[in-house]
Amino acid sequence: MSGTIEVKPAPPAPVLKQVVTTARIRRPSRWTEARRSFRRHWQLYLLIIVPLAYFVIFKYIPISNAVIAFKDYSPIKGPWGSDWVGFRNFELFFQNPVFWTLVKNTFILAAYTVLASFPIPIILAIALNEIRTGFFKKTVQLVTYAPYFISTVVVVSMTILVLSPRIGFVDDAIGLFGIPAIDFLGDPNYFRHIYVWSDVWQTTGYSAVIYLAALAGIDPALHESAKIDGASRIMRILHVDLPGIMPTAVIILVLGVGNIMSIGFEKAFLFQNPLNLAQSEIIATYVYKTGLLNADFSMATAVGLFNSVLNLFLLLGVNFAAKRITGSGLWS
Amino acid sequence: MTKESASTIAETRTDRIFLAGVKVMLTIALIAVLVPLVYVVANSFSSAGAVSSGQVFLWPVEPSLRAYQEALSDPQILKGYYNSLVYAVGGTLISVTLTVAIAYPLSRKTFFGRNLIMSLLLFTMLFSGGLIPTYLVVQDLGMLNTRWAMVIPSAIGVWQVIIARTFFRHTIPDDLYEAAVLDGASDLRFLWSIVLPLSKPVIAVIALMYAIFQWNTYFDALVYLKDPGLYPLQIVLRNILILNSTTGAAADVAATLERQQLANVLKYALIVISSLPVLIIYPFIARHFTKGVMVGAVKG
C-alpha cells in the first residue's frame, strides 16, 4: 500500500467529536465504509471465520433445531422433516403430574441458593476489608478462594463422605450433643440444605473477590472524612462501604435471580439418589433423563425450551425492575 | 497510606470490639473451609481399618500409603487421568486460539460489524437451544463418542471472549497499530508479533480458565461419550466415588471386609490425586485469576 493512506485518520472515527467533524466534510456511507474495511483488513475477517462458524454451528443451529419441540421427532426425517404436532408436547408436559414438582423443586432450590450465596460473600469481603493487610488476611483469602477450583464431582463426594453415617465426622459432631446419627443423603428433606451449603462452602471465597475489588475502588477520602466526623467502623461500613458496592451487588443479584430457572445440572444430578428424588429432581436433570436415557427427543426439547424461555423472561424482568429501582442493571 | 494517616485518630472501644468480632468471624470462616479439606487429606493417608471405623479426623491414624498405591495401579484411573490431560491440554490450545481469533477482530474499531457480532455472542449467553438440539448437532457432525466431542462443542466461552476483547482494547494503543502499518506490517503480523506478546497476562488467565474447566467438568463426557476408554477422570471418579462401582483392582477379589474397607480409603486418596494438578497451579491461579475476573468486569 502507498504511504499516502496513513496520513489520513482511520475512517470510522472512534470519538464522537471526530464523527461530527468528518460528517461535515462528507461522511462515507456505511457500505463504502464496510468495503474499505474489508479491503484493508481482509485478514481480520479471515481470522474470525472459524470462531464465527463455531457460534453458528454450536449455538445457533441448536436454536433452530429446537423446532423439534413442536414436532414428533424422527431421526430419519431429521429436525425439519419430522411431522408437525404443534403444542402437543407442551400440553403433555403441563398435564404431567411431575410438572409442578419439577418447577417447584427447581425454583426453591435456586431461590434458596441465591438467598444464601448472595449476602455471605459480601459479609466476607467487608470483614476482610476491615483488617489490615498481613499474613492472616492473605491466609483467609487464599484458603476460602481455593474450593472454587475443586471439581463438582469431588465436592459432592467430599460432602457425601463427610455426611455419611459411618465414616463421616458430622455424625460424631452432632453425637456430642446427643443427637443420634442421621442419614442425611437418604432423606429428601435434607437435600436442599446439603446442596446449598456445600455451594456456599465452595463459592463464597471466589464471589468475595469481586466485592473486594469494588471495596478497593471506593475513594479513601470518603473514609477519611467519615472518620474525622467521628463515624465508627460499623457506621462507615453502613454508609460508605455498602453504598460503594451497591452497583456491583445489584448486577450479581440480577444475574443470580434472573438465572434462577437455569440452575445447573452437574451438582443436582450427582447428589441424586432414589431416596431423595422427590426434592432433587429438577428440570435440567429431567431433560437429561427424558432425552438421553428415554430417547424422547421432542419432549426433552420442549421441556428445555420451556425452561429457557421462562428464564429469558425472568432475567429481562428482573433486570428491568433493578434498573427502575436502583438505576443500575446489566446494560447500563 | 490511608491506614497510616487514619491511625492518628485513636480507635474507640466499640471499634476495637468490633474489629475483634470481625477477626473471630474470619477465623470461623477459615476453619469451616479448612476442616473438610484437612479431613480428606488425613483420611487418605490412614489405614483402611481406621477410615472405615471413622477414627480419623484431622490427623492420619495408622499412617499408610496403601490407598495411593492401589489408586495409582488401577488402569481405569490412570487411563482417565491420561484422557483428562489430553482434553485439558488439547482443549485449552483450541479454545485459546479460537478465543483470540474472535476477540481480537472484535476489539478493533475498524472492524465492520463488530457490534452485530458481539450482540450475537451475548445472545447465546441468554438463550440456548438446549441439551437435545445441541446433541443432534454433535451427532450429525459424527463427533459422538470421539475425543472431539470433549473439546469442540464447548470450545469458546463468551465470557472469555469479553475478557480478551476488553484487554486488547484497553492495553493495545491505536498508535502502535499505526506505527506497525507504517513499517509494513499486516493485521496478522501485528497480532502475532505485537499484540500477542503484549497480551501474555490475559492469555494466561483465559488459558487457566479453560484448562480448569476442562479438568473439572463431566457433563459433556456424560452426554457424548459411551466408550469407557475415552472417559475423562471426572467420569471415572463419579463411577467410583458416587455410584460406588468397584474399580478393576477391587473387583477381581470377592468382596471381603478388607476390600470394602480399602474402597473407603481409596475414595479419599482419589479425591487428593484428582485435585493435585489444580492444587499445583493454584498459587499461580490465585495471582492471575483475580486480575482476569476484574478485566472482564470492566464494562465495554
message = Criterion first (within 11 Å of another protein chain (Cβ to nearest Cβ) and among the aliphatic types (A, V, I, L, M)) does B:L176 satisfy it?
response = no
Notebook entry, point to check: Scanning for something of a type outside the set (S, T, Y) and either touching a Ser or Thr at 6+ places or on another chain (Cβ under 9 Å) or not in a helix (DSSP H, G or I) (or both), does the range A:235-245 turn up at least one residue?
Noted result: no
request  = Check the range A:192-212 and report whether any residue there is within 10 Å of chain B (Cβ to nearest Cβ) and more than 18 Å from the chain's Cα centre (by Cα).
outcome  = yes
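Here is a list: A:D183, A:D187, A:D172. Which entry is facing chain B (nearest Cβ under 9 Å) and either more than 30 Å from A:L242 (Cα to Cα) or within 27 Å of the chain's Cα centre (by Cα) (or both)? I'd like the intermediate steps shown before the answer.
Numbers: A:D183 fails: facing chain B (nearest Cβ under 9 Å); A:D187 fails: facing chain B (nearest Cβ under 9 Å).
Result of the check over A:D183, A:D187, A:D172: A:D172.
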In the range B:209-254, anything of a type in the set (F, W, Y) and modelled with pLDDT under 90 is listed as none
Within the range B:111-152, residues within 23 Å of the chain's Cα centre (by Cα), farther than 12 Å from A:F58 by Cα and within 9 Å of another protein chain (Cβ to nearest Cβ) come out as B:L126
Note: among A:A125, A:A146, just one is assigned by TED's automatic domain parsing to the domain that holds A:I234, surrounded by 21 or more Cβ atoms within 10 Å (Cβ to Cβ), under 27 Å from A:V318 (Cα atoms) and hydrophobic (A, V, I, L, M, F, W, C), namely A:A125
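I'd like to know if the range A:183-190 contains one or more residues that are aromatic (F, W, Y) and at pLDDT below 90.
yes
So which of A:T139, A:T133 is facing chain B (nearest Cβ under 9 Å), loosely packed, with under 15 Cβ neighbours inside 10 Å and not in a helix (DSSP H, G or I)?
On the way: A:T139 fails: not in a helix (DSSP H, G or I).
One residue alone meets the criteria, A:T133.
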Checked pairs for the range B:283-294, first in a helix (DSSP H, G or I), second at pLDDT 75 or above and surrounded by fewer than 16 Cβ atoms within 10 Å (Cβ to Cβ), C-beta under 7 Å and 6 or more apart or across chains, list as B:A286/A:L142; B:H288/B:P201; B:K291/B:P201
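The rows are residues; the columns are (1) more than 9 Å from chain B (Cβ to nearest Cβ); (2) within 18 Å of B:L243 (Cβ to Cβ); (3) without any contact (Cβ under 8 Å) to a residue 12 or more places away in the chain; (4) not charged (D, E, K, R).
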position	(1), (2), (3), (4)
A:G244	yes, no, no, yes
A:P247	yes, no, no, yes
A:L255	yes, no, no, yes
A:M261	yes, no, no, yes
A:F269	no, yes, no, yes
A:L277	yes, yes, no, yes
A:I283	yes, no, no, yes
A:V287	no, no, no, yes
Filtering the range A:49-65 for residues that are surrounded by 20 or more Cβ atoms within 10 Å (Cβ to Cβ) and touching a Pro at 6+ places or on another chain (Cβ under 8 Å) leaves a count of 3
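The values are calculated or read from the model by the stated rules, or taken from the named source; none is laboratory data. As the structure is a prediction and not an experimental result, all values here were calculated from the model. Quick reminder, even Gly has a Cβ in these numbers, built from the backbone with ideal geometry, and neighbours come from all protein chains shown.
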